[in-house]
Amino acid sequence: MAEEKHGPTGYDDTPILLGQPWRVHDGERPMPTVVTPGATSTDPPEDAVVLFGGSDMSGWENKDGGPAEWTVENGYAQVNPKSGDILSKATFGDAQLHLEFAAPSEVRGSSQGRGNSGVFLMGLYEVQVLDGFDNRTYADGLTGAIYGQFPPLVNACRAPGEWQTYDIVFQAPRYQNSNLVSPAFLTVFLNGILLHHHKAAHGPTGHRNLSSYDPPHGPKGPLKLQDHGDLVRYRNIWMRDLGDYDQA
Ligand code: MG
């Protein structure tokens, strides 16, 4: 039988880490919170806020604070054209987002007229949703673009009608006395493929204009999903509030 091994649980004679109050392998440093993962890596983990689990829109409202009137069927929510964008009732600053979306199976229209919707972090920063499969458009409007600012590194779109995954890490901008001290940062995966790595946004999303962090906005905002008139479907939408954890 192999001998049991007992490793040290920390040291108190090691150098202090640069810019941190802790020593290398500091035994006094708090251990990270335990979070139980979902049944699969796309299911919500224990600490997630489930915004849409497949059955109802109770976690959402329209821009006027009324009910979100998108169509719920077969475990997904579908854009109900002209009912407008929907906003989560829960608000977030620094956050992790998972959601799944599908463009219509039947291809209609082209460029920005094909399977257009959008995911707005804080209700302000759009990661574009589009049927970008073999669809010529402007690069900073392609699926996964930080709209109007940065094209995705690659086009990782699945075929029309297929379910696709977004996994996004968002860091809210920081202001001090109304002055920007740190921009918003986005890290985006589409179907498990990296599209943006800690990309600094120029400011909230605009259309045909330059964006700006002036005027400042609040530290938290809802997740917004765009009604662009196309029958895009969404399911399994959850977020984790990263503000709950030490990000040192
Ligand atoms: Mg859009």
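The values are calculated or read from the model by the stated rules, or taken from the named source; none is laboratory data. Quantities reported herein were computed from a predicted structural model and do not represent experimental measurements. Note that each Cβ is placed from the backbone with ideal geometry, even for glycine, and that neighbours are counted across all protein chains shown. These area figures cover heavy atoms from the full protein model, side chains too; ligands, DNA and RNA do not enter into them. Shrake-Rupley method; radii C 1.70, N 1.55, O 1.52, S 1.80 Å.
Annotation note: of S111, S88, the sole residue that is touching a strand residue (DSSP E or B) at 6+ places or on another chain (Cβ under 7 Å) and within 23 Å of L190 (Cβ to Cβ) is S88.
Of all residues in region 204-248, exactly one satisfies the criterion of being open to solvent by 40 Å² or more (accessible area, probe 1.4 Å), among the hydrophobic types (A, V, I, L, M, F, W, C) and either within 13 Å of the chain's Cα centre (by Cα) or within 16 Å of the ligand (Cβ to nearest atom) (or both), namely L231. Can you spot a residue in region 177-185 that is under 26 Å from F101 (Cα atoms), open to solvent by 30 Å² or more (accessible area, probe 1.4 Å) and in a strand (DSSP E or B)? For region 177-185, residues under 26 Å from F101 (Cα atoms), open to solvent by 30 Å² or more (accessible area, probe 1.4 Å) and in a strand (DSSP E or B): present.
Inside region 91-113, residues that are surrounded by fewer than 20 Cβ atoms within 10 Å (Cβ to Cβ) and within 14 Å of the ligand (Cβ to nearest atom) make up a count of 4. If we scan region 120-130, do we find a residue that is closer than 30 Å to P215 by Cβ, more than 15 Å from the ligand (Cβ to nearest atom) and out of contact with any helix residue (DSSP H, G or I) (no Cβ under 7 Å at 6 or more places or on another chain)? Yes, region 120-130 contains a residue that is closer than 30 Å to P215 by Cβ, more than 15 Å from the ligand (Cβ to nearest atom) and out of contact with any helix residue (DSSP H, G or I) (no Cβ under 7 Å at 6 or more places or on another chain). The residues of region 64-90 that are in contact (Cβ under 8 Å) with a residue 24 or more places away in the chain, assigned to a strand (DSSP E or B) and open to solvent by 20 Å² or more (accessible area, probe 1.4 Å), listed by number, are Y76, Q78, L87, K89, A90.
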